[in-house]
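Here the structure comes first, spelled out in structure tokens, and everything after it is commentary.
Every number in this text was worked out from the coordinates using simple rules, so none of it is lab data. This is a predicted model, so every value here is computed, not measured. We place every Cβ from the backbone using ideal geometry, glycine too, and count neighbours over all the protein chains shown.
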Amino acid sequence: MLNDLLKEIGATPFSLIIDESTDLSTQKVLCVMIRFFSIKEKQVVSTFYRVIQLVNCDAISVYNAIKTQLEEDGLNYQNMVGIGADGASVMVGKHNSVTALFKRDLGDLIVVKCVCHSLHLCAEKAAEELPRQLEFLVRETHNWFSYSTKRLEQYRDLYETINEGNRNPNKIQGLSGTRWLARYAAIDTILKQWDELQLLFSLAKTQDKCFMAEQLHDIMRRPAFKAYLVFLRDELKHVTQINMLFQSEHCEPTKLLEDLFLLYKKILQKLVVPSQLQKIHDSELAEFNFQLYLMHTASLNLGYDFEEVAKNLVENELLDVKERCKKFLCTLAMEMQQRLPENLSTLKMITVLKPEVATSQVKPSLNNILQRFHRNSVYGNKNDIEAEWNQLQNKLWTNTSGSSAEFYAEVYNDCDAGNRKRFENISKFAMALLTLPVSNASVERAFSTYAIIKNKLRNRLSLKMCQNIMMVRFSLQRDYKSCVNFSPTSDMIKNFNVRMYEYNKKSSHEEDDLDDDTVLEIMNNIVC
């Protein structure tokens, strides 16, 4: 399966997504995912590549490990278009990080910091402007039920009484220290069950004399804290939706920039005086000093649900709540300005390649984008790319309404009367840029799979065995969609060494080769 993957990649451009961790046996490992454009599947493929053992986790060790592994597998690292990583300094620092070392070899390499990590950090920093009681309420409400079956059954009985026979309240999600946006699901569940939870803690406070229940009830009976939670739920909902788009394997990369800008403009729309915001072009938003044009706190519109809850607040208390919500939005916008400019420039390049733009009679030039790249062997001749880009609208294409990958696969396969590719350069350039990672989500999923494979009961699995099991899992999912549909290739059958089996029924010690049908049956049994 690994050989098939390497053969499919060949000499085409690719990008890597990397992350390091320490497994159950305190072994340091580097997980590498690879993204490339598959002409066969007419889409960008993001799949598992390698798990590499590390002795040290410094930048030079990681850099050498990746470079050595690529050379051993016959992949030319000069064909690397981009590299995606989280925000750790050892990975994306300016001077002696892993990406900085690669950029010394490849000057036009594009480094992509994970947008998902950045959005999590933005929301976490902004939440420092809100009362600490909110974090306490969400965390301890989850903990109230997490270790007690008795408390859960009591709550189900109470919930059934209030909701006319419905005995299945939604579970309150636990909080994650590294995934701050997970609080959205917990906050949403608490607000939906606000009255039931408030009554539960009131009963526990009086009947069981529980100090924790008393604290939680005191928080929930104050309308200001409910207003904060309603505001936080509404804001985190939009951020979480964008975060989910960047995590998705099936999103359209050319539209992600628009979604990210809409989120940012939605935040500014609540803060900035409308007459000033209208004067700012989208290209200037990343550097817009919005703090000079903030609306008065009393004029903020924080949504219908917030205004309904705010009716229970006195004027001074409402103004204080709105002021802290305003600080939350300001901090969130400032953090996005600081953490996302590099991602915005990368997404802007990809956005130009949208099929509707490429086939338009009036479209932007690629000169500014082409100036960033110097490797003609990877991206093609710049003059030919620009010339072919200006000719795309002269032909009627069938996949303009579909994904960008399908469109450029069609462009790549288009030939003239002499069977020569008409748009080879522009299609190769576009397919190379489409391999750029937009987040680090795929490698995080791979580590989750790795943790399932190497668990407490199988803590002595070798790294080679873990590598093989992960390759089988990802290959079956990518190529066959299910193990039920698995069919071994002829190369697999040839390489399947039946001499590893001993047959006691034979009188002699000679080991005969099995026929292909028997080998196929054995392999199917192993896979199942």
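Phi-derived couplings, Karplus 6.51 cos²θ - 1.76 cosθ + 1.60 at θ = phi - 60°, listed residue by residue for segment 336-353: 5, 4, 7, 9, 10, x, 5, 5, 5, 5, 5, 5, 5, 4, 5, 4, 4, 7 Hz, with x used for Gly and Pro.
In terms of the mean number of neighbouring beta-carbon atoms within 10 Å, the peptides 77-86, 313-322, 425-434 order highest first as 425-434, 77-86, 313-322.
Determine, at each q value in 0.11, 0.18 (inverse angstroms), the log₁₀ of I(q)/I(0) that the Debye formula gives when each Cα of segment 347-434 is one equal point scatterer. Listed by q, the Debye log ratios stand at -0.26, -0.74. Partners of Lys205 within straight-line reach, counting aspartates and glutamates whose Cα lies under 12 Å from its Cα and excluding those fewer than 8 residues away in the same chain: Glu214, Asp218.
Which FRET efficiency, nearest 0.05, do Leu2 and Arg104 yield, Cβ-Cβ r, R0 45 Å? Could you put the intermediate results ahead of the total?
Working: r = 29 Å, r/R0 = 0.64.
Once rounded, the FRET efficiency stands at 0.95.
Which lysines have a Cα lying under 25 Å from the Cα of Lys454, excluding residues fewer than 8 positions away in the same chain? Those lysines meeting the cut-off are Lys28, Lys464, Lys481.
For segment 77-173, go through all pairs of different Cα atoms, get the mean of 1/r, take its inverse, and jot down that Kirkwood value in Å. Kirkwood radius, segment 77-173: 17.9 Å.
Taking 8 Å as the Cα distance limit and 6 or more residues as the minimum spacing, I'd like the relative contact order of segment 121-341 as a percentage.
26
I'd like the orientation of helix 404-413 relative to the chain: the angle between its Cα long axis and the longest Cα principal axis, in ° from 0 to 90, rounded to 10. Approximately 20 degrees, to the nearest 10.
How big is D for segment 104-147, in µm² s⁻¹ as a whole number, if Stokes-Einstein is applied with the Kirkwood radius of its Cα pairs at 4 °C and 1.567 mPa s? Spell out each step's value before the answer.
Details: Rh = 13.8 Å.
The estimated diffusion coefficient comes to 94 µm²/s.
Given the choices (i) 28; (ii) 8; (iii) 23, percent of Cα pairs over 46 Å apart derived from the coordinates of this structure is entry (i). Note on segment 121-341: Kirkwood hydrodynamic radius from all Cα pairs is 19.2 Å, rounded to one decimal. Extents of segment 292-445, taken as max minus min of Cα coordinates on every principal axis and listed largest first, are 80, 37, 31 Å.
Run the numbers for Arg156 and Lys464: contour at 0.36 nm per residue of separation, minus the present Cα-Cα distance, in nm. Display every interim value, and only then the final one.
Details: separation 308, 0.36 × 308 = 110.88 nm, distance 4.78 nm.
Fully extending the segment from Arg156 to Lys464 adds 106.1 nm.
Our estimate of slack between Ser89 and Asn381, defined as 0.36 nm per intervening residue step minus the Cα-Cα distance, is 101.6 nm.
A simple charge model with +1 on the Cβ of Lys and Arg, -1 on the Cβ of Asp and Glu and nothing else charged puts the dipole of the chain at about 880 debye relative to its Cα centre. For Lys395, the lysines whose Cα comes closer than 17 Å to its Cα, not counting residues fewer than 8 places off in the same chain, are Lys354, Lys363, Lys421.
From the gyration tensor of the Cα coordinates in segment 15-95, what semi-axes in whole Å does the equivalent ellipsoid have, largest first, with each one equal to sqrt(5λ)? Let's see the in-between values first.
Details: eigenvalues 105, 42, 34 Å².
The answer is 23, 14, 13 Å, longest axis first.
Taking 0.36 nm per residue of sequence separation and removing the Cα-Cα distance, the Asp416/Asp320 pair yields an extension gain of 27.6 nm.
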